[in-house]
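Participant: Just passing along the structure, written as structure tokens.
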Amino acid sequence: MSGFFSALFTALDPLCGPVGLFTLIGSGTLVSCGETGWGDEIAFGVKVTISLALATLPVGLVIGFLIALAAQSEEKLLRLAAGIYTTIFRGLPELLTLFIVYYGLQILIQSVLAWFGYEGRIEINAFLAGMAALAVVFSSYSSEVLLSAFRAIPRGQYEAGDSLGLHRWRTMRLVILPQLIRIALPGLTNLWLILLKDTSYVSVIGLADILRQTGIAARVSKEAFFFYGIACLLYLVLAMISSFGLGFVERWARRSEVRR
Amino acid sequence: MTAVNELIPPRPAPVAARRTITGARIAGIAVLALWVLLAIALAAMVINGWDQDKFLRYGPRYLSGLWVTISLVGLAVVFGALLSVPIAFARMSSNRILNGIAYAYVYLFRSTPLLAQLFLIYYGLGSFRPQLEAVGLWWFFRDAWYCGLFSFVLNTAAYQAEILRGAIESVPRGQHEGAAALGLPKYVAFRKIILPQALIVALRPYGNEIVLMMKGSAVVAIVTVYDLMGETRYAFSRTFDYQTYLWAAIFYLAIVETLRHVWAFLEARLTRHLKR
């Protein structure tokens, strides 16, 4: 079964598959797929970029949702804790957050393991570190978006949920959340596009994303303008595809709204 | 007929409602405790790893890096603002070609990462060295600082053009018509009536853009400019001391928070005539 799916994905690969862009146009040039060109390396970079962004999204959304809940709770201490989080991670450059998470996690894990008597070098996975750093940044921004969406929902909605005898989190799930998604979607769309661009930073800690792969190709082939141009174009195409797809999601979320 | 002969004696204050322990309270205390623990750990790290020698060696470098970051961002924002004006007007013009070009520019620069743009300009244009030398521009594109500035200007101009356009278009039509009814020439109407109202709308997005630029400017460290991030990376590569990143974080947080507060003050000051 998995063999079938992998065959399907190979066949539908838009860059290096049998009907891929690099296969059709780029054969015999620098971007051909296979041993002689850089096409397959770049296609791998695209996969890494997309999977990093897709893996970060749910984590960042869940953390952001929890922080938005904390930021609007009646408990002062919880609001303070959430405020500290968003202030710090919205104020730090993404690149610095990435370094802090990448080296900090290593130190943290090492010192925790040293406590248990394990002395050895720990090298954390660049993908995981990149995911953690991007999720932290994404969650602090998305918490602001979700918080303003929460504030846009009138109190009466909660009261109506109470008067129907719904439990608190059933009110949240059945009454609040559907409206929340609809209100927050434009802001979250923006954040997704920003996240897609921010994934380029992980190339600095050695993850083989689009920018790193094209950078290697540029250095080896001495065709820097061509390859970095391809990198920019790939990001552009990813942004276009996602804004196209998110347009559909937005229309789906608005399906029950009054048409004007 | 009854008269009140005696007053009600003073009563004790009602008992203060006891603060109950809720889940939110426990969670708040737990998370705050985590923050405090983290802060203590970081402070202990700084105190334990304190080295006068390193401080004297890298402290001045940090300050020079700070200056490089601030001057780079300041120049980029100013030049970007200048460049954004024609783009915003092209974007609002009814000429379809001009409009299309401006739209393509804004779309291109807003949907590709700053890092990729910087690489494209610094490394990419470097491969056109003979041509650039022929037109006498090589000194500009040879230097990483100039390249960083150039890519920042191009990038922020795209964002600022959108901010400016949105602000100008947010001024209601009646304002244009009122100015026309008063017989003001278009230029005067724009400068005296439209622009002041537009700039108030644009104030907050401009502040956000400056903060984003400040944070984005860290990428020049990768093309060997010794800005704050660059000095941090330099110090880390020499000492392998995690503190270097913490110091950079403190600097960046201080800059961003200062900017945010200055901007909030400016906004409150400039919009005080709109408060009711």
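Nothing in this text is a laboratory measurement; each read-out follows from the coordinates by a stated rule. It should be emphasised that the depicted structure is a prediction, and the values quoted were computed from it without experimental measurement. Using ideal geometry, Cβ is built from the backbone for each residue, glycine included, and neighbour counts are taken over all protein chains shown.
Participant: Could you give the DSSP H helices of chain B that reach 20 angstrom or more along their long axis (alpha carbon positions) and whose average Kyte-Doolittle hydropathy is no lower than 1.6? Don't jump to the answer; show the numbers that get you there.
Facilitator: Details: long enough: B:23-48 (37 Å, 2.16); B:52-92 (58 Å, 0.93); B:96-110 (21 Å, 0.69); B:144-170 (39 Å, 0.61); B:195-216 (29 Å, 0.72); B:243-270 (40 Å, 0.80).
Result, helices passing both filters: B:23-48.
Participant: How many partner chain Cβ atoms sit within 10 Å of a residue's Cβ in peptide A:227-233, on average, as a whole number?
Facilitator: 6
Participant: May I pose another question? What average number of partner chain Cβ atoms lie no more than 10 Å from the Cβ of the residues making up A:192-205?
Facilitator: Per residue, the average neighbour count from other chains is 3.
Participant: Over all alpha-carbon pairs of the protein assembly as shown, lay out the pair-distance distribution in 20 Å bins, whole %, shortest bin first.
Facilitator: With a bin width of 20 Å, the distribution comes to 17, 48, 29, 5, 1, 0.
Participant: Moving on to the next point. Considering chain B as a Gaussian network with a 10 Å cut-off on Cα pairs, which listed residue, B:Ile47, B:Ile26, B:Ile87, attains the greatest mean-square fluctuation?
Facilitator: Looking only at B:Ile47, B:Ile26, B:Ile87, the largest GNM fluctuation is found for B:Ile26.
Participant: Arrange the following residues from fewest to most other Cβ atoms within 10 Å of their Cβ: A:Glu257, B:Glu209.
Facilitator: Working: A:Glu257 8, B:Glu209 21.
Final ranking by Cβ density, sparse to dense: A:Glu257, B:Glu209.
Participant: Taking Cα centroids, how far is the range B:230-252 from the range A:69-111 in Å?
Facilitator: 19 Å
Participant: Based on the Cα coordinates of chain A, what is the per residue volume of their convex hull in Å³?
Facilitator: 216 Å³
Participant: Set the Förster distance to 25 Å, then compute FRET efficiency between B:Gln52 and A:Ile107 from the Cβ-Cβ distance, nearest 0.05.
Facilitator: Numbers: r = 23 Å, r/R0 = 0.91.
It comes out at approximately 0.65.
Participant: Compute a Gaussian network model of chain B, connecting alpha carbons closer than 10 Å, and tell me which residue from B:Tyr123, B:Tyr252, B:Tyr187 fluctuates the most.
Facilitator: Judging by the Gaussian network model, the answer is B:Tyr187.
Participant: Let me ask something else. Per residue of the range B:129-137, what does 6.51 cos²θ - 1.76 cosθ + 1.60 with θ = phi - 60° give for ³J(HN,Hα)? Whole Hz please, x for Gly and Pro, Karplus curve as stated.
Facilitator: 4, x, 5, 5, 5, 5, 8, x, 10
Participant: Please give the direction-averaged projected area of the C-alpha convex hull for chain B, in square nanometres with one decimal.
Facilitator: So the Cα hull casts an average projection of 31.1 nm².
Participant: Starting from the Cα-Cα distance between B:Leu63 and B:Arg269, subtract it from 0.36 nm times their residue separation and give me the gain in nm to one decimal.
Facilitator: 71.0 nm
Participant: Full extension from B:Ser71 to B:Arg204: what is 0.36 nm times the residue separation minus their Cα-Cα distance, to one decimal in nm?
Facilitator: Details: separation 133, 0.36 × 133 = 47.88 nm, distance 2.15 nm.
Here the segment from B:Ser71 to B:Arg204 would lengthen by 45.7 nm.
Participant: Using only atoms on other chains, find how many Cβ atoms lie within 10 Å of each Cβ of peptide A:98-108 and report the average.
Facilitator: 3
Participant: Summing +1 for each Lys or Arg and -1 for each Asp or Glu, what net charge is found among the other residues whose Cβ lies under 14 Å from the Cβ of A:Leu113?
Facilitator: Net local charge, A:Leu113 excluded: -1.
Participant: If I take R0 = 35 Å and measure r between the Cβ atoms of B:Val36 and A:Asn125 in this structure, what FRET efficiency does the formula 1/(1 + (r/R0)^6) give, to the nearest 0.05? Numbers along the way, then the final one.
Facilitator: Working: r = 29 Å, r/R0 = 0.84.
In this case the efficiency is close to 0.75.
Participant: Let me ask something else. Sort by residue number and name the cysteines in the protein assembly as shown that have no neighbouring cysteine Cβ under 4.7 Å.
Facilitator: For the protein assembly as shown, the answer is A:Cys232, B:Cys147, because their Cβ atoms have no other cysteine Cβ under 4.7 Å.
Participant: I'd like the FRET efficiency for B:Arg129 and B:Ala254, computed as 1/(1 + (r/R0)^6) with the beta carbon distance as r and R0 of 41 Å, rounded to 0.05.
Facilitator: About 0.55, to the nearest 0.05.
Participant: Over all directions, the average projected area of the alpha-carbon convex hull for the range B:1-68 comes to how many nm²?
Facilitator: Working: hull surface 54.4 nm².
Directional mean of the projected Cα hull area for the range B:1-68 stands at 13.6 nm².
Participant: To continue, here is another question. Report ³J(HN,Hα) in whole Hz for each residue of the range A:143-158, in order, from the Karplus equation J = 6.51 cos²θ - 1.76 cosθ + 1.60 where θ = phi - 60°; Gly and Pro get x.
Facilitator: Couplings: 5, 5, 4, 5, 5, 5, 5, 4, 5, 7, 8, x, 4, x, 5, 5 Hz.
Participant: Something else about it: Could you derive backbone 3J(HN,Hα) for the range A:75-82 from the dihedral phi with the Karplus parameters 6.51, -1.76 and 1.60 (θ = phi - 60°), listing whole Hz in sequence and x where the residue is Gly or Pro?
Facilitator: Those phi angles translate into 7, 5, 4, 5, 4, 4, 4, 5 Hz.
Participant: Would any residue of the range B:15-59 have its amide N under 14 Å from a label point 7 Å out along Cα→Cβ of A:Leu80? List them or say none.
Facilitator: From the range B:15-59, the list is B:25-37.
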